[in-house]
Amino acid sequence: QVQLVESGGGMVQPGESLRLSCSTSGSDFRLFAMGWYRQAPGKEREFVARITSGNSIRYVDSVKGRFSISRGDAANTVLLQMNRLTPEDTAVYFCYAKPYGGDDSWGQGTQVTVSS
């Protein structure tokens, strides 16, 4: 199974930036996609961004132009650069991976708080 390790969450002021990182460990699976969901208090978990093995990228409308998802230098890693953060971006961010021929894997989640 794919095991995910997340880092980069924290507390910032509006307009500032954070970079989230997600990497796999002990995985020999070929991944179709990696990406991020988030869940704010009282809200349903929502899709944020993902990138496929073919470098197809998709974002939720609310983060287009501000967030950028990319592959990391190491295999099966993904970065989420979050710029011009707003309080509405406050949520727990979950990394996920979709392997070929296997079940989806999820990280534990990392808290992102945007507050003045």
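The values are calculated or read from the model by the stated rules, or taken from the named source; none is laboratory data. All figures in this text were calculated on a predicted structure; none of them were measured in a lab. Cβ sites come from the backbone with ideal geometry, for glycine too, and all protein chains shown count toward neighbours. Just the protein is used for accessible areas: all its heavy atoms, side chains included, with ligands, DNA and RNA removed. Shrake-Rupley method; radii C 1.70, N 1.55, O 1.52, S 1.80 Å.
Structure above, values below:
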| item | result |
| --- | --- |
| Gyration tensor over alpha-carbon atoms, the stretch 7-71, equivalent ellipsoid semi-axes in Å | 22, 15, 13 |
| Protection proxy ranking, peptides 49-60, 73-84, average beta carbon neighbours within 10 Å, highest first | 73-84, 49-60 |
| Local net charge near Ser17, Cβ-Cβ under 13 Å (Lys/Arg +1, Asp/Glu -1) | +1 |
| Rounded FRET efficiency, nearest 0.05, which uses the C-beta distance separating Ile57 from Thr86 and R0 of 22 Å | 0.55 |
| Cut-off under 5 Å, modelled amide H: who pairs with Glu16 long-range | Leu85 |
| Per residue value of the accessible surface for the chain (all protein chains in place, 1.4 Å probe), Å² | 55 |
| Largest-first ordering by accessible area, 1.4 Å probe, given options Asp89, Asp103 | Asp103, Asp89 |
| Accessible surface of the chain [probe 1.4 Å, protein heavy atoms]: carbon and sulfur percent | 45 |
| GluC sites (Glu not before Pro) restricted to the stretch 19-116 and DSSP loop, no more than 12 other C-beta within 10 Å | Glu44 |
| Antiparallel DSSP beta bridges within the chain, percent to nearest 5 | 95 |
